[in-house]
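Read the structure below first, then the notes.
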Number of protein chains: 2
Amino acid sequence: MSKTTVSRALNGYPEVNDKTRQRVLEAAREAGYEANPMARSLAVGRSNVLGIIYPLLPADLGDSMFLDVVGGMSEALEAARMNLIIAPVSQANELPSYEQMVRGKRVDGLVVSRTMVHDERIAYLCKAGFPFVAHGRTRLDTPYAWFDYDNESGIRLALGRLLSLGHQRIGLLSAPLQMNFACQRKESFLAMMAEAGLRADPRWMIGDTIDRRSGYQAMQQLLECTDRPTAVVVDNHLSGVGAVRALMDAGIEIGKEMSVIVWGSVADTLVGLDVTTIDQPDARRAGARMSQMLLSLIEGAPAESLQELWQPVLLAGATAGSCPH
Amino acid sequence: MSKTTVSRALNGYPEVNDKTRQRVLEAAREAGYEANPMARSLAVGRSNVLGIIYPLLPADLGDSMFLDVVGGMSEALEAARMNLIIAPVSQANELPSYEQMVRGKRVDGLVVSRTMVHDERIAYLCKAGFPFVAHGRTRLDTPYAWFDYDNESGIRLALGRLLSLGHQRIGLLSAPLQMNFACQRKESFLAMMAEAGLRADPRWMIGDTIDRRSGYQAMQQLLECTDRPTAVVVDNHLSGVGAVRALMDAGIEIGKEMSVIVWGSVADTLVGLDVTTIDQPDARRAGARMSQMLLSLIEGAPAESLQELWQPVLLAGATAGSCPH
DNA sequence: TTGAAAGCGCTAACAG
DNA sequence: CTGTTAGCGCTTTCAA
């Protein structure tokens, strides 16, 4: 029996005789044989592997949201007989790693996480014509495939809640504004404050709060303002944890003296504290969806048909209360 | 100029003329050429990739220790012009993924994390003769390469401290005992208690505490004992966080009414609380060392020469105090 | 010091 | 339905 027939039998081509196929499958199983994926990729020009290049910042990989998304992706891909790999690289090596991945064709497509407003990785992938899905949007002229939660509507949910509770002096803790989500959330914040006829005091808007420590310090800084805000929106969960901790440590009654709404789940860290939250539901499904999108893209679907915006929701908790007088 | 010469020039073979080499390198750089790693691997039988197969349990990938180790590995490997990939798989697919990796030869070696007392993954790799380094030990007759921190001495440090503070009623919260570290730590605990002539009350030894929730509940359970212990050792940091939280919520004065020593760093979670800790220092260096070990193994070094035991240290904090009367 | 040819393990086009 | 032939892009003998 020839290589060819074996190959066809194993790859489920329709033209092989059922009895032959059975024999081949049986023999393969007994011998524990499995096609060498390298040789296959070389021949067929496809690796059946999707990748994520991930600079190892503990703050991110430790992010349970990211983990859920990746979990959803890998699960969906297992079903599609594809593999997912994460390439952890040093931050300095991020762009070079993209180039290497693309030139080396070790993966058929990439997911780009943590998008920047101006993102050189995405610019490169576009230029190279390499399939990718951006997890988060970016500023770009050419159409590209992306998956994101609606930053604007999320902020509107949060701010709407605070306004309806009577708050007028509202602060914002932002992640670095080069990050697209932080930028969009801040812009939405400013827009909605303006619509409400309120002034967004610059002293109440603190940037670069991306982890617990910086969130903690930012909240301390707000507390020291002579006329401090009565409510604060935090645009990411890690600094949200820090901010809430700062309030606890300062003996502030959260939800009374100061209200807080955090974007992202903090439940597993702040046990027993019911934080009002903007939540991105269905993280695993989101991951599954992104892998489907990437597969479609590889199959040749146009990028402009692969743009998906999911809606965040407000989970009411105890940390957003009426404005004190 | 032939393929052959180009290949030799790029791979730094000594026999090529210096001028030729310069020309080739120049041309390659201009064209942005880089050898196709698939084809290379196929020809040479080596992929220059090392891997970690990782079932996505948030509790683990979120572990900052693991992140540091992986960071150290990838950094060291970048220097050695090797690549590291993490393959996140569903737990059910863990062993099949090992088989696939081995048969597929997509990686030259593997690091096996979270070793079990009886570990089928390691048994399989041994049987298959595939190069691997175990991150943590296991029960096995044949020699294998491993890297671990000394579980016994760590427990001795913790227990020694508590004994010298006068404690006699000491509890232990353990991760599932199939996990090698949990098993060794518990055995050391029992041995040292026996040496000290103390009884290890079964009601004070609670198992399967591997995350915050279970750690929290276990500590609650201890608190409900009619004659509860005066000190507790927790063998992993996640349940350590839960356990400490339980004490805080119960209004127990930690370090006075109840002492706690946790194995693993909890500083980034329990901000502002100075927990007495058994620490595994130099996580990044440990990662670097493990990748070196794996590389040596691939080069043909004997596994029995690649076994490394590092010493944990006790970081004195405020949660271990004298035994109350 | 360079080149020609064989082959790594597979798939795909083309005959039979 | 099955086999033969020709590559995929590289490295590596072996000759020149």
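No lab work stands behind these numbers, since they all come straight from the coordinates. Worth saying up front: this structure is predicted, and the values here are computed from it rather than measured. Positions of Cβ are generated from backbone atoms using ideal geometry, with glycine treated the same way; all protein chains shown enter the neighbour counts.
Below are the figures for this structure:
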| quantity | calculated |
| --- | --- |
| Helix axis angle, B:237-249 relative to chain B longest principal axis, alpha carbon, degrees | 30 |
| Per DSSP, loop GluC sites (Glu not before Pro) in the stretch B:135-215 with at most 11 further Cβ within 10 Å | none |
| Other copies of A:Ile298: label-to-label distances in nm, shortest first, labels 7 Å along the beta-carbon direction | 2.4 |
| Pairs of Cα atoms farther than 28 Å apart, the stretch B:30-179, % | 33 |
| Residues listed by number, the stretch A:123-154, amide nitrogen under 18 Å from A:Arg285 label point at 7 Å toward C-beta | A:147-151, A:154 |
| Label geometry 7 Å along the beta-carbon vector: B:Ala191 inter-copy distances in nm | 6.6 |
| Nearest-first distances (nm) between copies at A:Arg203, label 7 Å from Cα via Cβ | 5.8 |
| Within 10 Å of each Cβ in A:32-41, the average number of Cβ atoms from other chains | 5 |
| Per-residue [θ]222 nm for the protein assembly as shown (sum of -39500 (n - 2.57) over DSSP H runs n ≥ 4, rounded to 500) | -13500 deg cm²/dmol |
| Rel. contact order, % - alpha carbon contacts under 8 angstrom, at least six apart, chain A | 18 |
| Hull shadow area, averaged, the protein assembly as shown [alpha-carbon convex hull, nm²] | 35.3 |
| Separation of alpha-carbon centers, the stretch A:1-57 and the stretch B:265-325, rounded to whole Å | 42 |
| Principal-axis tilt of helix B:18-31 within chain B, Cα atoms, nearest 10 degrees | 70 |
| Approximate spin-label separation B:His325-A:Ser90, in nm, with each point projected 7 Å along Cα-to-Cβ | 5.8 |
| Degrees separating the helix A:94-104 axis from the principal Cα axis of chain A, which is the longest one | 20 |
| FRET efficiency, A:Thr4 to A:Arg139 (Cβ-Cβ, R0 60 Å, nearest 0.05) | 0.75 |
| Gyration tensor (alpha-carbon) shape descriptor, the stretch B:151-280, a/c threshold 1.5 | rounded |
| Gain upon complete extension [B:Arg213, B:Trp310; 0.36 nm per residue less C-alpha separation] | 31.9 nm |
| GluC sites (Glu not before Pro) lying in DSSP loop within the stretch A:1-62, provided at most 10 other Cβ fall within 10 Å | A:Glu15 |
| Geometric extent, Cα atoms of chain A - Rg, Dmax (angstrom) | 24.2, 87 |
| Candidates per trypsin sites (Lys or Arg not before Pro) in the stretch B:122-199, loop by DSSP, up to 15 other Cβ within 10 Å | B:Arg139, B:Arg199 |
